[in-house]
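Each remark here refers to the structure printed beneath this line.
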Amino acid sequence: MAGSNNLNITPPRWLLAELTYACPLQCPYCSNPLDYAKYPSELSTDDWKRVLSQARKMGAVQLGFSGGEPLTRQDLPELVKYARKLGYYSNLITSGYGLDEEKIIQLKTAGLDHIQVSIQASSQELNDHLAGTKSFQHKKEVAHLVKNNGYPMVLCVVIHRENIHQMQQILEMAEELGADYLELANTQYYGWAHLNRDLLLPTKEQFLKAEQIAQAFKEKVAGKMKIYYVIPDFYEDRPKACMNGWGTTFLTIAPDGVALPCHSARELPGLDCPNVNDFSIEEIWNESKAFNFFRGVDWMKEPCRSCDEKHKDFGGCRCQAYLLTGDMYNADPVCSKSPDHHVIEEAIQAAKKTTNQAKEAPLVFRNNKASKQFFS
């Protein structure tokens with residue numbers, strides 16, 4: 001394990017437990033790795049309990065159960081119960097597929113604090129097309145069940161070119177379902193979304209129109225529904241402060257036990273990401289090469305090194321820099337100060353070109369033909 005270079009390391013606060021890569025959906029913007037099938041092994045129940053205990057001892061207080069689809073893990077209620085015993089505030093991030101009232105009650109009894117349900121679109125035809133499963137009606141039923149069982153109704157819709165024209169209908173659907181919180185998450189282009197970027201990235205005109213509709217609706221439902229609008233990087237001139245800074249707040253554990261500073265970090269070369277089967281969470285967080293790789297500012301190249309905003313955005317996203325420039329040390333090309341900013345303009349033009357073509361290459365869906373086995 002590498003040393004910490006005497007950096008003032010803050011403890012992890014947010015633990016994302018990616019319980020599995022298994023999922024009954026086939027979304028073409030899935031954030032799981034393209035080669036997720038290479039990682040079929042999953043931590044055992046006892047392994048996860050050890051991870052939860054060690055992270056909580058380090059100071060983690062927020063816990064997200066994610067995937068894939070975390071409901072495919074039969075030990076989810078047991079893990080929720082254990083998390084409650086440790087004092088976590090726990091959140092289930094789910095497609096809702098396979099969730100029924102009996103399971104909701106079971107999870108609530110175990111101590112689950114929060115359920116976030118995703119819906120792909122406002123119409124059954126488009127939702128089921130994007131999800132690759134007939135799930136729309138079930139998702140709406142689940143949303144009502146979540147609300148009826150005393151949870152806040154938290155709805156997430158990932159926005160992209162295929163559904164951005166439904167913005168008004170999506171907002172009305174959220175209101176109809178009694179959503180207390182709605183996250184309109186403009187697609188972040190990693191994993192499968194990066195592969196499909198030319199077909200998923202809306203034009204700036206589409207984005208601005210959708211944002212205007214969302215902001216107007218936000219005023220209409222003020223006091224009844226909170227709407228969070230995640231801005232797409234590609235139409236900004238400054239990068240996001242990715243993960244609140246590398247190795248400062250967020251800890252992700254992949255299904256096979258690999259510890260990651262962010263969910264896409266295993267795509268980066270040379271990090272030597274450690275596994276919880278080999279090291280404790282304390283060793284991983286404080287001493288590992290991976291978690292110290294981009295801590296601080298010493299790693300930065302120009303223009304980040306001399307930028308007066310470097311402590312605000314930390315140079316932007318390392319995964320995005322790597323995906324778009326081939327060098328993870330480069331400034332995030334979203335930034336207008338980046339010498340590679342032209343690749344963003346080129347991506348926007350490439351996406352715009354596909355909107356003007358009569359025939360487009362089809363979306364590449366996450367392929368999971370064996371999905372029926374997960375809830376058998």
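Each principal axis of the Cα cloud of region 82-142 was evaluated for its coordinate range; sorted largest first, these ranges are 42, 19, 15 Å. Every helix of 4 or more DSSP H residues in the chain counts as -39500 (n - 2.57), and over all residues that averages to -10000 deg cm²/dmol at 222 nm.
Lysines within cross-link reach of LYS140: Cα-Cα under 17 Å, excluding same-chain residues under 8 positions apart? List returned: LYS103. For a quick check, take a GNM of the chain with Cα springs below 10 Å and name the residue from THR72, THR187, THR45 with the largest mean-square fluctuation. Fluctuation is largest for THR45. For the residue pairs LYS81/LYS147; LYS147/LYS204; LYS220/LYS353; LYS49/LYS108, alpha carbon separations beyond 24 Å are given by LYS147/LYS204; LYS220/LYS353. Of all lysines in the structure, the ones whose alpha carbon falls short of 19 Å from that of LYS218, not counting any fewer than 8 places away in one chain, are LYS209, LYS226.
Mean separation of Cα pairs under 8 Å and 6+ residues apart, divided by the residue count of region 316-357: what relative contact order is that in percent? Answer for region 316-357 is 25 percent. Size descriptors for the chain (Cα atoms only): Rg and Dmax, in that order, 20.5, 57 Å. Treating each Cα of region 13-76 as an identical point scatterer and summing with the Debye formula, the log10 of I(q)/I(0) at q = 0.29 Å⁻¹ comes to -1.29. A viscosity of 0.890 mPa s and a temperature of 25 °C, combined with the Kirkwood radius over C-alpha pairs in the Stokes-Einstein formula, give region 124-178 a diffusion coefficient of 204 µm²/s.
Just for the chain, what percent of DSSP beta bridges are antiparallel, to the closest 5? Let's see the in-between values first.
Numbers: 3 of 34 bridges.
Taking every DSSP beta bridge within the chain, about 10 percent pair in antiparallel fashion.
Using the Cβ-Cβ distance between TYR329 and THR203 with R0 = 30 Å, the FRET efficiency computed as 1/(1 + (r/R0)^6) comes to roughly 0.45.
Quick note: the coordinates plus some simple rules give every number you see, no bench work behind them. What you see is a predicted model, and the numbers here were worked out from it, not measured in a lab. Counting neighbours? That spans all protein chains shown, and the Cβs are built from the backbone with ideal geometry, glycine included.
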